[in-house]
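The values are calculated or read from the model by the stated rules, or taken from the named source; none is laboratory data. Fair warning: this is a prediction, and the values are worked out from it, not measured in the lab. Protein only, heavy atoms only, side chains kept; ligands, DNA and RNA dropped before computing areas. Shrake-Rupley method; radii C 1.70, N 1.55, O 1.52, S 1.80 Å.
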Amino acid sequence: MYNKKRHKLLSWILLLAVVLTILAPLSVSQAAGVGDVLGALTAPTAPSSDGGGILNTLFSFLFDKILGPILNIFGGGSTTTGTPPVKLPPSPSGGGPVIDSGVLRGKVIVVDPGHGGSNPGAVSNGTHESDNNLAVSLKLREKLRQAGAKVVMTRETDRTVAQAGSSLGQELQARVDIAEQNNADMFVSIHSNSNPDPSIAGAMTFFPSGKSSKLALEVQSGIVRETASVDKGTQPATFYVLRNTTMPSILVEMGFVTNAAEAAKLQNDAYRNRIAQGVFTGIVKYFQVN
Ligand SMILES: [Zn+2]
């Protein structure tokens, strides 16, 4: 009888956790409170509060192993309209001037082109997110290398990072592992966005709650300055690769493949180069003051 009651209670907690886990990442802006609570609960570094141990474990398990990876791979911050995200301060340089990229010398930077192989990410208007992500990432690699950084790519071709047959969670963990094993100074994940509303366009940058917000602001500012893209700002997010990397980390959503004009731009070599340049200058500026 006691066991039965307890079982019922656990079922309710499980159900609540599932609902919260689904709601939070899908409506970061609409329900920021829920997102923050969930992010805090599921963050690996979050101290477990008194009596919250089991619930924390439950949240972490549900998010890390089941829903987080699925939402991260297939959702990837696609529903981020609503209340306006954090807006950028005016650029101190105004754009244009040559920056001293010497601060990158010796820095280990992991560049992570999202998706790949059997997982193309968002597909729309004749383009695969995974292809755009890789093309921009390879350009970013060259810029970082020329400035003296040691760049580690999670993938350099159209493939998954984890071995074939791996779960979504394993695929994302494989990317985290590369960053951790290389003692990276920075982790930069490159993605393209999607939204059911084809009129939505623009770039945005996500960061793990509690850290990397300055990096996100610099990179977002760099992208907008270089591409004149719609500025959708920066936002904290609970994506797997952001929550589970210990170094400064960001996830860039370069633009929406579901917007016809932006999809065309994302496939344009010159535009891809401008995005890469924007991310690059943002990274340089971050290291200049951090
Ligand atoms: Zn993505």
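With 23 Å as the limit on Cα-Cα distance, the pairs of 150/232; 143/232; 150/265; 211/265; 143/265 that go past it are 150/232; 143/232; 150/265; 211/265.
Averaged over its residues, the range 147-237 has an accessible area of 38 Å² per residue, based on protein heavy atoms and a 1.4 Å probe. Ranking 285, 139 from most to least accessible surface, computed with a 1.4 Å probe over the protein chains only, gives 139, 285.
In the assembled protein chains, residue 142 presents an accessible area of approximately 80 Å² (probe radius 1.4 Å). Backbone geometry of the range 165-182 corresponds, through the Karplus equation with coefficients 6.51, -1.76 and 1.60 at θ = phi - 60°, to 3J(HN,Hα) couplings of x, 6, 6, 4, x, 5, 4, 6, 5, 4, 6, 4, 4, 4, 5, 5, 5, 8 Hz, x marking Gly and Pro.
Could you work out what % of the accessible surface of the range 102-239 is carbon and sulfur, using a 1.4 angstrom probe and leaving DNA, RNA and ligands out of the count?
Working: 2460 of 5130 Å².
Carbon with sulfur: 48 percent of the solvent-accessible area.
With a ≥ b ≥ c the root eigenvalues of the C-alpha gyration tensor of the range 235-290, is it rounded (a/c under 1.5), prolate (a/b larger than b/c) or oblate? Oblate, because a/c is 1.5 or more while a/b does not exceed b/c.
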